[in-house]
Amino acid sequence: MSDNGLSRVAAACLAATMLVTAGLPAVAQDFKGKTLVVGTWGGDIERLLRQNAAEPLEKETGAKVEFVLGGSGDRMARIYAEKANPTMDVAFVNIYEAPQALKDGMVEAPDPNAPYFKDVWDGMNNGCYAMSLVGLGIAYNKKLVSKPPEWADMWKPEFKGKIALSSYPGSEGDGVLGVAARLAGKDEHDPDAAFGKLKELTPIAMTYTNLDEIFAMMDAGEVAMAPMISGYVLAALKTHPDIGFSFPKEPGPVLVRDMLCLVKNSPEPELAKKFAALALGVKNQTDYAEQLYFGPTNKNVKLSPEVSADVIDTPDEVQGLLQLDWPYVISQRSDWTQRWNKEILGQ
Amino acid sequence: MPPSILLLLPALALSAVVFLAPFVWLASTSFRTQAEGSLLLADGLSFDNYIRLLADPFFLEVLLRTLAYSVITTILSLIVALPVARFIVTRAGRLKGILLALMLVPLVSGALLPSLGMLHLMGPLGVVNGASRLMGLPTVKLLGTPTGILIGLVQSFLPLMVLPLVNTLARLPADLEQAAASLGAPATAIWRRVILPLAMPGVVAGSVLVFCATFTSFVTPQVLGQGHIATFGTVAYQQAGQVLDWPFASALAMVALVMIGLLQVAIAIGSRLIRRQEAQ
């Protein structure tokens, strides 16, 4: 094609674009052409955020919301790497990552005057805004384990070799170490006690990376118990009648939390705040609880008794949870990862 | 500057942006450390990451294990690929195109899909063990074992061996074999003394590709190893994606790159020596 032809095509494209944009209804011009970038986990979380936060925001402001899906480690790497020139506005991370990100100046400190700050249970916005509350409990095969187990039951000789653990590093592994340390009369600040106790569970039946595989193994009787984070697990249990989930009492379930972070100096701070308000709002938090069994952090959420029974949604329930010293845990991650590789997996 | 060098410019420019720049960044990060109690990189350069890597026998073990997997995968791929390549070249006839296209499928489908497929084949409740169970045979543990990972690696990287071999074997003149046969050489001697020596360039090229791909592989050991088996790729991922110790992960990646670089140099020198010997 000649140069002349090319430029003619370009001109036609330009004209067409102008025609199309001119024909659009003139809603909320203020954020038109702007894009909010939100980093989160894929699957149900993305679906609910899209439906309850992104779509209403797009309708209200004329902006576009772009999701970047992946693990929280990817997002941490991205916001640290881009600290001079961030391209992500909102990042969902784990409870143990948020205080670190705030300390390193990567995210905006939660604003105590923001309405969505006040809606969240007191003392929950550590580092970023608390998005949901879930606890590490025990999924178990009802045929092998007669009643909802306590943590100590995992160490009973009849279950030797039938306990599964998640891959490490991760909240599940840190939680199990915290529990093991307490069963040994110490806490997570004594890693020798934690690893010594946890090592008694080896050889572990399997390292699970997704629910399908662990539930299949549990249904087959190859795994008796596995520490797991409530939420997805409880949702998935509806199709596995032989698997139960126990919130232990001694110590209580380990609190794990998703956090919503506003990235510091991000390109669209106003849109990010609007998104946060919708994500932390009653509608989205109710859907999180009803569909994903993620406990709401918003105290205005009212749940039906059936849903409430399965999620952590009252201050009393939160009081019973075991809280780890996450900043300490994350500072130990590197050493613990190697110890886990060697002592728990026997690599 | 000869004008012909302009032909290289687009590729060079692309490499500079998508390979060289990140590579320099990776190399420089590997000499940094994170400040105490922070994920931010501290000022100053040091060898701390490399010292930690060398001082801990765990990483040496991981290195040796990864090397062992790479060597075994290369040998197994060669054993499987030679007959396949020979068949494609000499016997496939009109099927040749179809067979080559089938060989390419694992390459173009990425590492994840085949690995996930393998997961269902090899799982304790998967196709293989399910069939054994039905027939009353004992089950075999494949997931989370070196055997399982090696099966997955050979499956993933076999095309990298087959394609160079097909290329070389296709160029061997058929008269050479006929001449050897007419002089009374048995088939084994023809293979050993005619086909294999002449196919050496393909064998070397395929072996280098499979070795390097295995050495740096991540998805296959991660998915099929089930977290039980640490290789260079999985440890680097663990450090970068989960521990968030980016400088240390960079050092791990640098070691892998240097190892591969050394291998390339060794092969270049080795093949030059062989050629010189042949010339004499």
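The values are calculated or read from the model by the stated rules, or taken from the named source; none is laboratory data. As the structure is a prediction and not an experimental result, all values here were calculated from the model. Positions of Cβ are generated from backbone atoms using ideal geometry, with glycine treated the same way; all protein chains shown enter the neighbour counts.
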Of (1) within 14 Å of chain B (Cβ to nearest Cβ); (2) within 18 Å of residue A:133 (Cβ to Cβ); (3) out of contact with any strand residue (DSSP E or B) (no Cβ under 7 Å at 6 or more places or on another chain), residue A:220 satisfies all except one. Which?
(2)
Given (1) without any contact (Cβ under 8 Å) to a residue 24 or more places away in the chain; (2) within 14 Å of another protein chain (Cβ to nearest Cβ); (3) more than 27 Å from the chain's Cα centre (by Cα), identify the lone condition not met by residue A:185.
(2)
Evaluate the following for residue B:230: is it more than 16 Å from the chain's Cα centre (by Cα), facing chain A (nearest Cβ under 10 Å) and either of a type in the set (Val, Ile, Thr) or not in a helix (DSSP H, G or I) (or both)?
yes
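Of these, B:169, B:273, B:165, which one is more than 14 Å from every other protein chain (Cβ to nearest Cβ), surrounded by fewer than 22 Cβ atoms within 10 Å (Cβ to Cβ) and in contact with a helix residue (DSSP H, G or I) (Cβ under 6 Å, 6 or more places away or on another chain)?
When all the criteria are applied, what remains is B:169.
Conditions (1) among the aliphatic types (A, V, I, L, M); (2) at pLDDT below 90; (3) in contact with a His (Cβ under 6 Å, 6 or more places away or on another chain), marked per residue:
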position: A:166; (1), (2), (3): no, no, no
position: A:174; (1), (2), (3): no, no, no
position: A:178; (1), (2), (3): no, no, no
position: A:189; (1), (2), (3): no, no, no
position: A:192; (1), (2), (3): no, no, no
position: A:205; (1), (2), (3): yes, yes, no
position: A:224; (1), (2), (3): yes, no, no
Note: among B:222, B:239, just one is under 30 Å from residue B:82 (Cβ atoms) and either within 14 Å of chain A (Cβ to nearest Cβ) or not in a helix (DSSP H, G or I) (or both), namely B:222
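With the condition being more than 14 Å from every other protein chain (Cβ to nearest Cβ), at pLDDT 95 or above and surrounded by 13 or more Cβ atoms within 10 Å (Cβ to Cβ), I'd like the helices (runs of 4 or more DSSP H) fully within the stretch A:13-86 carrying at least 1 qualifying residues. Can you show your working first?
Numbers: elements: A:44-49, A:55-61, A:72-81.
Answer list for the stretch A:13-86: A:44-49, A:55-61.
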Quick check on the stretch A:225-246. Is at least one of its residues among the small types (Gly, Ala, Ser), within 14 Å of another protein chain (Cβ to nearest Cβ), more than 21 Å from residue A:310 (Cβ to Cβ) and surrounded by 21 or more Cβ atoms within 10 Å (Cβ to Cβ)?
no
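Look at the stretch A:103-153 and say how many of its residues are assigned to a strand (DSSP E or B), of a type outside the set (Phe, Trp, Tyr) and over 20 Å from residue A:179 (Cα atoms). Give the steps one after another, and end with the answer.
First, pick out the residues of the stretch A:103-153 that are assigned to a strand (DSSP E or B): A:107, A:120, A:129-141.
If we keep only those that are of a type outside the set (Phe, Trp, Tyr) as well, we get A:107, A:120, A:130-139, A:141.
Next cut, over 20 Å from residue A:179 (Cα atoms) only: A:107, A:120, A:130-132, A:141.
Summing the residues that are assigned to a strand (DSSP E or B), of a type outside the set (Phe, Trp, Tyr) and over 20 Å from residue A:179 (Cα atoms) in the stretch A:103-153 gives 6.
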Among all residue pairs at least 6 apart or on different chains, which show Cβ distances below 6 Å where the first residue, located in the stretch A:206-225, is more than 22 Å from residue B:221 (Cβ to Cβ) and the second is polar (S, T, N, Q)?
A:218/A:141; A:224/A:141
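Only one of these is free of Cβ contacts under 8 Å to residues at least 40 places away in the same chain, in a helix (DSSP H, G or I) and in contact with a Ser or Thr (Cβ under 9 Å, 6 or more places away or on another chain): B:94, B:133. Name it.
Answer to the selection: B:133.
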